[in-house]
1. Return P(r) of the range 63-218 (all Cα-Cα pairs; 10 Å bins starting at 0; whole %; ordered from short to long distances).
2. Could you tell me the relative contact order of the range 3-74? Use alpha-carbon pairs under 8 Å, at least six residues apart, and round to a whole percent.
3. Helix-only estimate, please: 222 nm mean residue ellipticity of the chain, summing -39500 (n - 2.57) across DSSP H runs of length 4 or more and dividing by its residues, to the nearest 500.
4. Over the range 3-74, what number does the Rg to Rh ratio reach, with both radii from the alpha-carbon atoms and Rh per Kirkwood?
5. Would you mind telling me which residue in 157, 88, 226 has the biggest mean-square fluctuation in a Gaussian network model of the chain, where springs connect alpha carbons within a distance under 10 angstrom?
6. Among 292, 54, 123, whose Cα sits farthest toward the positive end of the charge dipole of the chain (+1 at Cβ of Lys/Arg, -1 at Cβ of Asp/Glu, about the Cα centre)?
7. Could you tell me whether the range 110-183 comes out rounded, prolate or oblate from its Cα gyration tensor? Rule is a ≥ b ≥ c as square roots of the eigenvalues, rounded for a/c under 1.5, then prolate if a/b exceeds b/c, otherwise oblate.
8. About its Cα centre, what dipole magnitude does the chain give when the only charges are +1 on Lys and Arg Cβ and -1 on Asp and Glu Cβ, stated in debye to the nearest 20?
Amino acid sequence: MKLNEIKNEGIVDRLLRLIIAEVLIIVAYFWLGGTWQIMFYIIGIISLFTAVTGFCALYKILGIKTIQIESKPISIYTKIVFALLFVIIAIAGSYYSAFFTKKFFLDDYSRMNNFYKQTLFYTGQDKREEAVANYDKLVYEYSIFISKYTKYHPYSIKSDNEFNADLEKIFGIINSLKENVYTGDLKQSHTNFEAVRPIFQDILKRNNFSMLAVTLVDFHDAMEKIIAAADVKNSKQLLEVYSEADTKLKAVEEIVNDSEIQNIRTKLEEIVELSKNGKVNLLSAKAAELKSAFVKVYLKRG
């Protein structure tokens, strides 16, 4: 039997299956790991295969046909629209998936790493209560982090063959220090905790994450609070969250403080001045300028 005789999918059906296959494969490659990734790949490949061949076994079983022999052929304009859509999804989907998976990874890293830094600080200060509180939070956050990222590697770390081993190494160091943090020598705990830092730094360097990228992500969350307050014209709230944004922007400035970073600082301070002077109607527009200045830097150097 010839292939044309067993086809049961119309051209629009086949084009839609091609788009669906593309989306599933992009999602599997950039966003998923483990069983879910395999499932999405399988469904995507099946969708791609049926789009190419024009035959769907499920349609055959159910007695469905979307192909109509007598219908007039699909117009060239429809084909162009689908072709453009396919290219747009491929380019935009890949670019933004790479961008946001990297951002979300750094968000998770920064949240977990904050408790590491606090634990390191308080063990160094010999403050038991604060050290224990932050250590417990570190153990909790790191457990979530390692559980997620040993199974799923975002695009930015896909080729890092040492990543999982380093995560396990850090996990071992953190867990081994529980007794010392709770009841033992805090100064010695501090020294032992220091061994975690170079492993983290090596992971970031190995995968081309600059410390600038880490601090930019950290600043981003504080900046969003500024923008949210500006958009609702709430000067009091804006001034309350300014301190956090200022501190986190200073961390960025310690790494690099060129004209682009200075522009972010300028926009931030201009928002504060507008807020202090009661010019609330100008806040939202200025906040948009701040976000634009940040995005320009992050897209290029984050």
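Derivation of every value follows stated rules applied to the coordinates shown; laboratory data play no part. The shown structure was predicted, so the numbers you read here are calculated from the model rather than taken from an experiment. Here the Cβ is made from the backbone with ideal geometry for all residues, glycine too, and neighbour counts use every protein chain on show.
1. Each 10 Å bin holds this share of Cα pairs: 9, 31, 23, 13, 8, 8, 5, 3, 0.
2. Details: 73 pairs, mean separation 35.7, N = 72.
About 50 percent, as a whole number.
3. On the way: 14 runs with 240 residues, N = 302.
-26500 deg cm²/dmol, from helical runs alone.
4. Details: Rg = 13.9 Å, Rh = 13.0 Å.
Rg/Rh for the range 3-74 comes to 1.07.
5. Its mean-square fluctuation being the largest, the pick is 88.
6. Comparing the listed Cα positions along the dipole, 54 ranks first.
7. Details: a/c = 2.72, a/b = 2.26, b/c = 1.21.
Because a/c hits 1.5 or more and a/b exceeds b/c, the range 110-183 counts as prolate.
8. Computed charge dipole of the chain: roughly 1040 debye.
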